[in-house]
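**Student:** Below you'll find the structure I mean.
The values are calculated or read from the model by the stated rules, or taken from the named source; none is laboratory data. Predicted model only: the values in this text are computed from it and were never measured. Counting neighbours? That spans all protein chains shown, and the Cβs are built from the backbone with ideal geometry, glycine included.
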Amino acid sequence: MSADPDDIRGVYDRQAAVYDGQRSRALFEARWLARFAAGLRTGARVLDLGCGAGEPIARWFKAEGFAVTGVDFSEPMLEIARSRWPDGDWRQGDMRDFDLGECFDGIIAWNSFFHLTELEQRGCIARMARHLEPGGVLMLTVGPDAGEVTGTVGDETVYHASLSPAEYATCLEANGLRLTGFLAEDPETNRHSVLMARKT
């Protein structure tokens, strides 16, 4: 393992413009986003956790009429989001210790949650559960199985980790969430592994 899990913010701070320029806008995520949105009422409040510069996830939800709150720990990424949507709700915060003091109808953490260590992911699931309204929907990109791997952001190596699907189900249940969907390395989503859950 050559990537430092404690340098994730530094990587995104340094690579913000490069990452934003390289981030696909093709919306390969659309099928999962639609499935997530189908569980929400019209105009529901969505927390985009690890929102980055807002493209394309926050843009999609805003276009669909949802009230989006974007949280990210990288100020350079948030600056790009604010330049696109000056009237948007963009907040600096860390997935490892965020406490917004409010609840949302849905929380999505696409290509962000998997940067946390296994221990941090367990804590983050508990925090996300506390930030969800009863019946609220959660969607995460995770790994296909337990372990640590590396990826790239711009020209830097970055840390990724995952629990096993069974461990996620157990952790979700312990926090009042029920696993409603999991697909490992979905070929229609650029081989992302996607998890969905609902607060009971």
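**Student:** Hey, any hits in segment 53-62 for a residue that's β-branched (Val, Ile, Thr) and touching a Lys or Arg at 6+ places or on another chain (Cβ under 7 Å)? Break it down stepwise before answering.
**Tutor:** First, pick out the residues of segment 53-62 that are β-branched (Val, Ile, Thr): 57.
Checking the rest, the ones that are also touching a Lys or Arg at 6+ places or on another chain (Cβ under 7 Å) come to none.
For segment 53-62, residues β-branched (Val, Ile, Thr) and touching a Lys or Arg at 6+ places or on another chain (Cβ under 7 Å): absent.
**Student:** Okay, next question. Name the residue, out of Ala166, Ala161, that is at pLDDT 95 or above, surrounded by fewer than 21 Cβ atoms within 10 Å (Cβ to Cβ) and closer than 18 Å to Leu119 by Cβ.
**Tutor:** Numbers: Ala161 fails: surrounded by fewer than 21 Cβ atoms within 10 Å (Cβ to Cβ).
Of Ala166, Ala161, the one residue that is at pLDDT 95 or above, surrounded by fewer than 21 Cβ atoms within 10 Å (Cβ to Cβ) and closer than 18 Å to Leu119 by Cβ is Ala166.
**Student:** OK, next. So how many residues does segment 33-54 have that are surrounded by 18 or more Cβ atoms within 10 Å (Cβ to Cβ) and under 25 Å from Arg23 (Cα atoms)? Write out each step before concluding.
**Tutor:** Pass one, segment 33-54, residues surrounded by 18 or more Cβ atoms within 10 Å (Cβ to Cβ): 33, 36-37, 40, 44-54.
Then drop every residue that is not under 25 Å from Arg23 (Cα atoms), which leaves 33, 36-37, 45-54.
Total meeting the criteria: 13.
**Student:** A further question follows. Residues Leu163, Leu172, Leu140: which one is touching a strand residue (DSSP E or B) at 6+ places or on another chain (Cβ under 8 Å) and under 19 Å from Ala38 (Cα atoms)? Talk me through it step by step, then tell me what you get.
**Tutor:** Values: Leu163 fails: under 19 Å from Ala38 (Cα atoms); Leu172 fails: under 19 Å from Ala38 (Cα atoms).
When all the criteria are applied, what remains is Leu140.
**Student:** To continue, here is another question. Looking at Val158, Val153, Val194, which one is touching a residue at least 40 places away in the same chain (Cβ under 8 Å), β-branched (Val, Ile, Thr) and in contact with a Leu (Cβ under 6 Å, 6 or more places away or on another chain)?
**Tutor:** None of the others qualify; the one that does is Val194.
**Student:** Further, regarding this structure: Keeping to segment 187-196, report how many residues are touching a strand residue (DSSP E or B) at 6+ places or on another chain (Cβ under 6 Å) and either loosely packed, with under 13 Cβ neighbours inside 10 Å or not small (Gly, Ala, Ser) (or both).
**Tutor:** Residues of segment 187-196 touching a strand residue (DSSP E or B) at 6+ places or on another chain (Cβ under 6 Å): 191-196.
Filter again for either loosely packed, with under 13 Cβ neighbours inside 10 Å or not small (Gly, Ala, Ser) (or both), leaving 191-192, 194-196.
Adding up the residues that qualify gives 5.
**Student:** Of the residues Asp89, Asp48, Asp72, only one is in contact with a strand residue (DSSP E or B) (Cβ under 9 Å, 6 or more places away or on another chain) and farther than 19 Å from Phe113 by Cβ; which?
**Tutor:** Numbers: Asp48 fails: farther than 19 Å from Phe113 by Cβ; Asp72 fails: farther than 19 Å from Phe113 by Cβ.
Going through Asp89, Asp48, Asp72 in turn, just one is in contact with a strand residue (DSSP E or B) (Cβ under 9 Å, 6 or more places away or on another chain) and farther than 19 Å from Phe113 by Cβ: Asp89.
**Student:** Just a yes or no: is a residue in segment 147-158 buried (at least 16 other Cβ atoms within 10 Å of the Cβ) and polar (S, T, N, Q)?
**Tutor:** no
**Student:** Please determine, by comparing only the residues of segment 1-29 that are assigned to a loop (DSSP other than H, G, I, E, B) and touching a Phe, Trp or Tyr at 6+ places or on another chain (Cβ under 7 Å), which one is surrounded by the most Cβ atoms within 10 Å (Cβ to Cβ).
**Tutor:** Filtering segment 1-29 for residues assigned to a loop (DSSP other than H, G, I, E, B) gives 1-4, 23-29.
From what's left, touching a Phe, Trp or Tyr at 6+ places or on another chain (Cβ under 7 Å): 3-4, 27, 29.
Working: Ala3: 20, Asp4: 12, Leu27: 12, Glu29: 24.
Within segment 1-29, the match that is surrounded by the most Cβ atoms within 10 Å (Cβ to Cβ) is Glu29.
**Student:** Here's a follow-up. For the subset of segment 69-112 comprising residues that are touching a residue at least 12 places away in the same chain (Cβ under 8 Å) and of a type in the set (Lys, Arg), which member is farthest from Gly181 (Cα to Cα)?
**Tutor:** Looking at residues that are touching a residue at least 12 places away in the same chain (Cβ under 8 Å) and of a type in the set (Lys, Arg), I get Arg84.
**Student:** Within segment 123-149, count every residue that is among the hydroxyl-bearing types (Ser, Thr, Tyr) and in contact with a Pro (Cβ under 9 Å, 6 or more places away or on another chain).
**Tutor:** Residues that pass the stated criteria total 0.
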